Amino acid sequence: LSFLSRMTKEPNQLERSQVVMVNENEHKIVATFQEWLTFTSNAVMLDRAKFNYILQVNCSDGHLEVLLDHVQYQYGTGKDAQNYKAEEWITDKYAVNKKHTRMFPISGKFRRKTIDRKNEIFNNIDKAF
């Protein structure tokens, strides 16, 4: 619980990041996250998307089961903003060419950054416990 609470206050987190459920009897915690997923950031260009996901944690007998679920993105601002679900955007069907030799430019950058962020989250959980 304290790990997830700290995570909601990291610098890249936005207003919707919070622990939303703690069930002490079943040893379950659920937290929702909204953060910036930054693709490029320099003096000339800032390319980023709002990255929304849910972390579900089940604790039992010295083990943690962590599920990162309901991954969605909001890319762009105002009326030009595009909303994407990960299942319809970063899977092989949508992000990789038919020969499976390369990723498409836009969905590929979402896929790479999402996997990098997932790895970072799970590595931090592993280090904390």
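Every number here is computed from the coordinates shown, using simple stated rules; none is lab data. Everything numeric in this text was worked out from a predicted model, so none of it was measured. With ideal geometry, Cβ positions are generated from the backbone for all residues, glycine too; neighbour counts draw on all protein chains shown.
Based on DSSP H runs of at least 4 residues, each adding -39500 (n - 2.57), what is the mean residue ellipticity at 222 nm of the chain after dividing by all its residues, to the nearest 500 deg cm²/dmol?
Numbers: 3 runs with 34 residues, N = 129.
So the helix-based figure for the chain works out to -8000 deg cm²/dmol.
Exceeding 32 Å between C-alpha atoms, which entries from my cross-link table qualify? They are K9/K99; K79/K118; K9/K113. Before the final figure, lay out each step's value.
Working: K9/K99 42 Å; K79/K118 29 Å; K9/K113 20 Å.
Correct reply: K9/K99.
Express in nm, to one decimal, how much length is gained between D116 and R16 on full extension, taking 0.36 nm for each residue of separation and deducting their alpha carbon distance. Numbers along the way, then the final one.
Working: separation 100, 0.36 × 100 = 36.00 nm, distance 2.13 nm.
Net length gain for the segment: 33.9 nm.
Net charge near S17, counting Lys/Arg +1 and Asp/Glu -1 over other residues with Cβ under 10 Å of its Cβ? Please list the in-between numbers first.
Working: positive: K9, R16; negative: E10, E15, E35.
Result for the local shell: -1.
May I ask you to evaluate 6.51 cos²θ - 1.76 cosθ + 1.60, the Karplus curve with θ = phi - 60°, for each residue of region 15-24 and list the ³J(HN,Hα) values in order in whole Hz, giving x for glycine and proline?
Computed from phi, the couplings for region 15-24 are 4, 8, 6, 6, 7, 10, 8, 10, 10, 5 Hz.
Under a Cβ-only charge scheme (Lys and Arg +1, Asp and Glu -1), can you give me the dipole magnitude of region 1-115 about the Cα centre, in debye to the nearest 20?
Values: 16 positive and 13 negative charges, 149 e Å.
Dipole about the Cα centre, nearest 20: 720 debye.
Using only the alpha-carbon atoms, what does region 53-92 span along each of its principal axes? Please give whole angstrom values in decreasing order.
Extents along the principal axes: 48, 25, 8 Å.
Let me see the P(r) profile for the chain: every Cα-Cα distance counted, bins of 10 Å, each bin given as a percent of all pairs.
11, 39, 31, 15, 3, 0
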